[in-house]
Amino acid sequence: MKLLLVLLVLFISGCSQRVHLISQGYTPEQLSPIVTALEELDLEVKHSDIPLPTNFSDNTIISHPSLATSNQLANIQELLHSLELSPVQLLHFASNHKHYYTQGNIGLYLRHPEHKSRPQPPLYVMSQYCSSGNATLGMQPNGQFLLEVEVYGEKKSIHASSGQWVFDGENLVLTHSQNQVAHFKMQQKTVSTYLGPRRSKVFIPQENHNLPPAFNCEFIIIDMSSAP
């Protein structure tokens, strides 16, 4: 029994922590030394491409409450301070029901200070009135977009295009990976739904010639949560 207890303690103490890194506004080159420093603390780093909540501070750590006195947690805080990434906000899943981590996992959220005021487009918008097929436009917080179009023939297939997006709160510019540029203008409209009128954001193409047909489709997202 004593041997089993010793082995169990060794197993628990030997388990490495995994850091889920969520960043906004940082380039891969800027993140590289941060990742290296975390790995030197014997931490496994996994990049997570999810939106960084607007109510989080620029440097936020979320951990399981059982890690409140963890040396590893203190080491991460000390590391961030040494990299001049401070102040650091420390939270536990009990106060963030949408962002929580089990034992052995830590969430590290880093927002570049110059990125704070940058308008963010919707994560996903769907095409409407699109003759080229149903399309989904995804725009990730890291500035990358992915346009997927359903094409029907003998077999259903998905055609994908990717590149960079820039958004100023009204005008959306998509730069295709082949350096072709598409322009959209966002309008806020009230649309009819099965639940009644709802607010929507519509991205209207601005004569995007010499581009795949889907870049000339309208894209829309509807807020179904409340009436206007």
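Numbers below:
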quantity	calculated
The stretch 146-167, subset in contact with a His (Cβ under 9 Å, 6 or more places away or on another chain), touching a residue at least 24 places away in the same chain (Cβ under 8 Å) and within 23 Å of T27 (Cα to Cα), residue surrounded by the most Cβ atoms within 10 Å (Cβ to Cβ)	L147
Residue pairs meeting the criteria (Cβ under 8 Å; at least 6 apart or on separate chains; first at positive phi, in the stretch 35-55; second surrounded by fewer than 13 Cβ atoms within 10 Å (Cβ to Cβ) and in a loop (DSSP other than H, G, I, E, B))	D42/S16
Members of the stretch 172-201 found to be in contact (Cβ under 8 Å) with a residue 24 or more places away in the chain and farther than 19 Å from S161 by Cβ, listed by number	M186, T190, V191, T193, L195, G196, P197, R198, R199, K201
Residue in the stretch 1-58 that is surrounded by the most Cβ atoms within 10 Å (Cβ to Cβ), counting only those that are polar (S, T, N, Q) and modelled with pLDDT of 90 or more	S23
Selection from the stretch 101-129 of residues that are modelled with pLDDT of 85 or more, under 24 Å from D223 (Cα atoms) and not aromatic (F, W, Y)	P121, P122, L123, V125, M126, S127, Q128
Selection from the stretch 168-225 of residues that are surrounded by fewer than 18 Cβ atoms within 10 Å (Cβ to Cβ), small (G, A, S) and not in a strand (DSSP E or B)	G169, S177, S225
Filtered residues of the stretch 171-222 (kept if over 17 Å from E148 (Cβ atoms), among the charged types (D, E, K, R) and at pLDDT 90 or above)	K185, K189, R198, R199, K201
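The values are calculated or read from the model by the stated rules, or taken from the named source; none is laboratory data. Because the structure is a prediction, the values reported are computed rather than measured. Cβ: placed from backbone, ideal geometry, glycine included. Neighbour counts: every protein chain shown.
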